[in-house]
Amino acid sequence: MSSRSRVAVRRRSLRSRRISGSPSHVPSVVARSAAQPKMIYPLVRELAATGAPIWGRVAVTCRVLKVAKQPFYRWLRQPVSDRDWDEAQLINAAIDVHRDDPVFGYRFIADELADLGFEASERRVWRVCSQQAIWSVFAKKKGGKSRKAGPPVHDDLVRRRRPEPVVVDRHY
């Protein structure tokens, strides 16, 4: 093996070790959050915009944070996706419909949204209403048998005498 090939192999191994290892100056939370690209791309933009040409800094920052460059540039072109935009419009419309008539629940809101021109199933409207805590004024009672008993509803007309609980004080 020639000295050039040994140097090339050594460079490759160092490069792969540098890329795969988590650097000490990057918190482990940031290194693990690469699975959530929408949350990490603003961080890449902030770290890369420190005065030098952005394309060089982006490459280094993406390599350190273990994020691909191409999706970052795609996100940079359009930070809010069409799906998120449509979801935000649906949420705003559902809140407006609920504000007009807070008595009805998600089924009525789904009908009103269909009349307004939104294409959304009842299931999607239910999910949006649940996430945004849009409930009917007349909601179902929560819980079942696990609720605590409240105060007595009326006076004790029979005048029952309940015995006092016996407290046994034994010393052994």
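Ordering of 70-77, 82-89 by packing is 70-77, 82-89, highest average first (other Cβ atoms within 10 Å, averaged per residue). At the listed q of 0.24, 0.27 Å⁻¹, the Debye profile of segment 83-154, built from one uniform point per Cα, gives log10 I(q)/I(0) equal to -1.04, -1.27.
All of the numbers you see were taken from the coordinates with simple rules; none came from a lab. The shown structure was predicted, so the numbers you read here are calculated from the model rather than taken from an experiment. Every residue, glycine as well, gets a Cβ built from its backbone with ideal geometry; the counts of neighbours run over all protein chains shown.
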